[in-house]
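Working notes, structure below.
The values are calculated or read from the model by the stated rules, or taken from the named source; none is laboratory data. Everything numeric in this text was worked out from a predicted model, so none of it was measured. Note: ideal-geometry Cβ built from the backbone for every residue, glycine included; neighbour counts use all protein chains shown.
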Amino acid sequence: MNVNSFRRIGYIYAVFCFICSVLGAVYFFKKILEPKTFCVQYFCESGFEHLLISAISMVMCLLSATFAIFVKLGIEEGEPGYIHISRTFMLVRSFVLTIRWTYESVALAITEIDQGISPLVEQFRSVATILLIVITASTGFELWILDGVQKYSLQRLH
């Protein structure tokens, strides 16, 4: 693929990430303001844990929106350093999400072993497993896009 085509792809990526991140931040902010207890046998997300998970998720969404702006600035100004910083954050974010969803998948699998198969637990374990697969695939795709955008920025710099 032509390096110049990554300019348009990078803009689309930055806008998409910015919109999703802002919507995610709003969602988690609403979760903080209107706490609802959520329990699935092993997990009971309420009180301090709920507040902490929601606050961390909201901060991650806000950081994602900020780094989406970095991608846009890197494209406009031809500054590959902005893209590199955004790439590093994207990898850290993906790693944190992978750890979280792996933990949830394993904990729900242990719950199934200890207490028998429950349709609700099985559904949540399936969702956590699907999220693991999606984050793995999207990480590779995002790295490909950001690599192309970084090459475009380097080409524009010279």
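Check Gly74, Gly78 and return the single one that is farther than 30 Å from Ile117 by Cα and at pLDDT 90 or above.
Details: Gly78 fails: at pLDDT 90 or above.
Only one candidate qualifies: Gly74.
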Checklist outcome for this item: Checked region 104-158 for anything more than 28 Å from Arg87 (Cβ to Cβ), in a helix (DSSP H, G or I) and in contact (Cβ under 8 Å) with a residue 40 or more places away in the chain; matches are Ala107, Leu108, Ile110, Thr111, Gln115, Leu120, Val121, Phe124
Next on the checklist: Ser153 - would you say it is modelled with pLDDT of 75 or more, surrounded by 14 or more Cβ atoms within 10 Å (Cβ to Cβ) and closer than 22 Å to Cys17 by Cα?
Outcome noted: yes
Next on the checklist: So for region 84-99 (the condition being over 23 Å from Ile145 (Cβ atoms), among the hydroxyl-bearing types (Ser, Thr, Tyr) and touching a residue at least 12 places away in the same chain (Cβ under 8 Å)), does at least one residue qualify?
Outcome noted: no
Item to check | All positions within region 100-150 that are surrounded by fewer than 17 Cβ atoms within 10 Å (Cβ to Cβ), closer than 30 Å to Val3 by Cβ and acidic (Asp, Glu) | outcome: Asp147
Item to check | First in region 8-26 and crowded, with 18+ Cβ neighbours inside 10 Å, second anywhere and of a type in the set (Asp, Glu), Cβ under 7 Å, 6 or more apart | outcome: none
Checklist entry - On the given criteria, is Ser64 among the polar types (S, T, N, Q), surrounded by 16 or more Cβ atoms within 10 Å (Cβ to Cβ) and within 17 Å of Gly24 (Cβ to Cβ)? => result yes
